[in-house]
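Accompanying notes for the structure given below.
Quick note: the coordinates plus some simple rules give every number you see, no bench work behind them. From a predicted model like this one, the values you see are computed outputs, not experimental measurements. Here the Cβ is made from the backbone with ideal geometry for all residues, glycine too, and neighbour counts use every protein chain on show.
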Amino acid sequence: MNFSQQLGKSPRVAIARCLPGLGDLLCAVPAFRALRAALPEAHITLIGLPLAQNFVARFNHYLDDWLEFPGYPGIPEGWRSPHHTKAFINRVQAQAFDLAIQMHGSGIVSNFFTVLLGAKFNAGFFLPGQYCPDRERFFPYPEKEPEVRRHLRLMEFLGLPLQGEQLEFLLFESDWLELQQILEIPPLHSGRYVCLHPGASVRGRRWSPLQFARVGDAMAEQGFQVILTGTAAEAELTETVVEAMSAPAINLAECTSLGALAALLKGAALVVCNDTGVSHLAAALEVKSVVIFSNSDPKRWAPLNRNRHRIVRASDENALEAILTHATDLLQKEVAYAV
């Protein structure tokens with residue numbers, strides 16, 4: 001009897017992935033897809049931070065429910081108090097999950113949290129030499145694999161057939177309508193604008209805004225409208241880029257929800273961004289991109305398709321020239337496809 005058969009026809013499954021970024025969630029989608037295909041009648045709950053609630057609503061074909069991570073000692077994200085953690089554990093144990101899957105890093109701390117959920121079976125990653133709850137269902141953490149493939153290796157280990165490694169992001173009609181209602185946007189023509197995203201949730205991953213401005217001017221010289229995107233916290237940063245540019249640009253920082261941002265990116269000829277959630281969103285939407293790595297590992301976080309998505313290390317002496325070369329190459333291919 002394989003593992004999915006052991007779980008029964010309609011198992012209750014909890015997934016612990018309590019990381020803070022959009023990219024952290026998008027990179028797990030291929031694993032969610034495999035899990036749903038193997039357990040079509042399961043009730044699958046994602047335990048995560050507040051950002052994950054809207055993510056679950058958009059990906060309700062894979063995920064059924066969301067529980068807010070209460071925090072746990074040793075896990076920096078989401079910590080509040082021992083009282084919140086204890087109350088959450090008691091509440092979840094009463095739900096009697098059939099399976100709890102740890103997809104929150106190597107498991108050094110998160111395996112303890114996962115076991116406390118009280119599921120009949122536990123599965124996930126472990127780091128050799130550290131706590132392993134179940135040798136049959138915990139896989140040695142594949143540190144050298146890209147993030148997407150790490151979770152797919154776990155699904156394979158559990159005997160669940162994979163359903164491809166591509167990312168995805170569903171766009172709804174409401175996303176397009178919201179984009180059209182943003183007053184700052186003039187009529188846009190698909191494939192005739194470029195999006196620059198100079199921000200990142202981690203400041204150390206942000207490339208120079210003045211260099212982003214030079215990229216924007218180069219894109220404008222090629223006849224593309226330049227649009228700046230970012231969160232409310234990045235509005236000052238994007239304004240710095242706009243002010244440093246010689247060509248006009250549209251600053252939409254803090255103007256778009258995630259859905260409207262995705263609709264905007266979908267029509268772009270190119271996205272130039274730091275290693276942040278927008279990089280993975282562009283990959284999910286199959287929009288060409290140049291991704292700049294300042295303080296993170298491209299082997300882990302770079303998009304898998306290196307033809308559509310190019311990477312540049314900010315520390316490279318000729319980083320700007322490399323970005324412009326990649327951008328020009330990708331834009332010329334875009335024009336060729338359009339013709």
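What percentage of all Cα-Cα pairs in segment 141-243 are separated by more than 21 Å? Display every interim value, and only then the final one.
Values: 3022 of 5253 pairs.
Here the tail beyond 21 Å accounts for 58 percent of pairs.
Among all stretches of the chain without exposed GluC sites (Glu not before Pro) (DSSP loop, at most 12 other Cβ atoms within 10 Å), which one is longest?
Formally, the longest exposed-site-free interval is 185-316.
Can you return the lysines within cross-link range of LYS266? Criterion is Cα-Cα under 27 Å, with same-chain partners fewer than 8 residues away left out.
Excluding near neighbours in sequence, the set is LYS288, LYS299, LYS333.
For segment 124-165, take every pair of Cα atoms, bin their distances at 5 Å starting from 0, and report each bin as a whole percent.
Going out from 0 Å in 5 Å bins, segment 124-165 shows 5, 25, 30, 23, 13, 3, 1 percent.
Could you tell me, in Å, what Rg and Dmax come out for the Cα atoms of segment 3-157?
14.2, 38
Starting from the Kirkwood radius over alpha-carbon pairs of segment 37-106, derive D by Stokes-Einstein at 37 °C in a medium of 0.692 mPa s and give it in µm² s⁻¹. Spell out each step's value before the answer.
Working: Rh = 13.3 Å.
For these conditions, the coefficient is 247 µm²/s.
Please list 3J(HN,Hα) in residue order for segment 26-33, calculated via the Karplus relation 6.51 cos²θ - 1.76 cosθ + 1.60 where θ = phi - 60°; whole Hz, with x for glycine and proline.
These are the phi-based 3J(HN,Hα) values: 4, 5, 8, 4, x, 5, 4, 4 Hz.
Loop-only check: which trypsin sites (Lys or Arg not before Pro) in segment 1-74 are DSSP coil with at most 10 other Cβ within 10 angstrom?
Values: sites: LYS9, ARG12, ARG17, ARG33, ARG36, ARG58; in loops: LYS9, ARG17.
Of the trypsin sites (Lys or Arg not before Pro), the ones in loops of segment 1-74 whose Cβ has at most 10 other Cβ atoms within 10 Å are LYS9.
Provide the percentage of antiparallel DSSP beta bridges, counting only those with both residues in segment 71-201; round to the nearest 5.
On the way: 1 of 8 bridges.
The antiparallel fraction comes to roughly 10 percent.
For ARG12, what is the net charge nearby, where nearby means another residue's Cβ is under 10 Å from its Cβ and Lys, Arg count +1, Asp, Glu -1?
Net charge in that neighbourhood comes out at -2.
Rounded if a/c is under 1.5, else prolate if a/b is larger than b/c, else oblate: which is segment 187-237, with a ≥ b ≥ c the root eigenvalues of its Cα gyration tensor?
Numbers: a/c = 2.89, a/b = 1.64, b/c = 1.76.
It is oblate, given that a/c is not under 1.5 and a/b is not larger than b/c.
For segment 188-198, just list the computed ³J(HN,Hα) in residue order, Karplus coefficients 6.51, -1.76 and 1.60, θ = phi - 60°, integers in Hz, with x standing in for Gly and Pro.
Coupling constants for segment 188-198: 10, 10, 3, x, 10, 9, 10, 9, 10, 10, x Hz.
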